[in-house]
Amino acid sequence: MTVELLVLLIVIVTALAFDFTNGFHDTANAMATSIATGALRPRVAVALSAALNLVGAFLSVAVAATVAKGIVRLDAVGGQDLIVIVFAGLVGGILWNLLTWLFGLPSSSSHALFGGLIGATLAALGWSGVIWASGSDGVVTKIILPAVLAPIVAALISAIGTWLVYRITRDAEEDKVTEGFRWGQIGSASLVSLAHGTNDAQKTMGVIFLALVAHGTLTKDDDLPLWVMAACALAIAAGTYLGGWRIIRTLGKGLVEIDSPQGLAAESASAAIILTSAHFGLPLSTTQTATGSILGTGLGKGAEVRWAVMGRMVVAWLLTLPLAAVAGAICWGIAHVIGGLAGVLVVFALLVGLSTLMYLRSRRDPVHTGNVNEWPGEGADPSAVTPVTDDQAAPPTSDRTVRPAGGRTTSADSNRSAQV
């Protein structure tokens, strides 16, 4: 096995690792509201989302083409240099994903990836190495503008949808409305999962395509290989099934207290926007879209919004591109200074070490299926709904068990194996 091939394999493994983190980081986008309202049991929710992410990854390659050909000027770099740029960008994206997961912040995995790639490219090639704007292509058109518009549009659509839902059902029996919308949430959440696979899995496909072009296995005009699509689909599905419970708790309980009608409105708005962006090849942030939709449900209902939590999310959004870019640039610098296979291995070891530290830190305050619906520091509220765990009944009904929000978990909860 040649050194070039070994480096390529390391990059492909790292790309699939990023896809895995993307899966558990973004599970909340589709399933947080369904878990929060009790429409789906936590484990059933993530299993359903994983299966639909897998299917969605095969529906389109428009986003993959944008990532592969719309960020780095392929005519300005090639061979081993391009492979190292891709590798450094991936490491930067993974580290930012894990850091925001540790703090339970639903930041954009897409922007973490793009930031890492942009930072590594800037460090290697300078300003001219990045395609900033070129007609309908480039970072500004394909990444920055959608990032600004997506949460605003999602919040507006979701707010209108929520207001209409409550307006139409205002004279109906509350129990029947709750039960009906909880069933509806299963369909809308499934659609978001399908849309997420169509949008997010392709970003890693595009990155692996870049690495294969750099190695000479493919040319930039070749079609995306089926094995790349299948590997990325499986990686994001596996990550989704793991369940990013820390972020699910933030989106499901931390921003707005969500009822079933709100959940359906939020998920429907998110799915419509994500699928539209995938059709046009826009690598949209599903996280920002889903968060905007959830915020819109609170505004549409006139419910209390935890603006402090929203503020922390916005700060994370603003920092994602630049800090992931810094991480990508530093990783490229380390690999470049050491040089060759040794430089790549040192950066890979750094990734493994920092990832392990963040995982171990997360075990001090584990979030799992038993406490995912309990927001820390929340006062007692006799109207709060007990989270539907995997030990409880599967189908959504109007029968709801009540206990104080934020109360102590049961012995069964505390004995349940802590999950990521």
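Miscellaneous remarks
- Of the chymotrypsin sites (Phe, Trp or Tyr not before Pro) found in the stretch 127-224, the ones in coil according to DSSP and having at most 16 other Cβ atoms within 10 Å of their Cβ are W132.
- Between V140 and T2, the modelled labels are 4.0 nm apart [label points 7 Å from Cα along Cα→Cβ].
- Extension gain for the segment L164 to V337, taken as residue separation times 0.36 nm less the Cα-Cα distance, is 56.4 nm to one decimal.
- Stretched out straight at 0.36 nm per residue, the stretch from R73 to L354 would grow longer than its current Cα-Cα span by 98.1 nm.
- Computed over the Cα atoms of the stretch 133-281, the ratio of the radius of gyration to the Kirkwood radius (Rg/Rh) comes to 1.06.
- What the Cβ-Cβ distance of L345 and A303 gives, at R0 = 56 Å and to the nearest 0.05, is a FRET efficiency of 0.65.
- At full extension, D223 and F280 could sit 18.7 nm farther apart than now, given 0.36 nm per residue minus the alpha carbon distance.
- Vicinal HN-Hα couplings computed from phi for the stretch 34-44 (Karplus, 6.51 cos²θ - 1.76 cosθ + 1.60; Hz; Gly/Pro x): 5, 6, 5, 8, x, 5, 9, 5, x, 5, 5
- Between the stretch 98-122 and the stretch 314-369, the alpha-carbon centres lie 10 Å apart.
- Peptides 105-116, 324-335, ordered by how many other C-beta atoms sit within 10 Å of their residues on average, highest first, read 105-116, 324-335.
- Packing order of peptides 355-365, 249-259, highest average first: 249-259, 355-365 (average count of other Cβ atoms within 10 Å over each peptide's residues).
Taken together, the values in this text are just the output of simple stated rules run on the coordinates, not laboratory data. Please read all numbers here as calculations on a predicted model, not as lab measurements. Because the Cβ atoms are built from the backbone with ideal geometry, glycine has one as well, and the counts that use them run over all protein chains shown.
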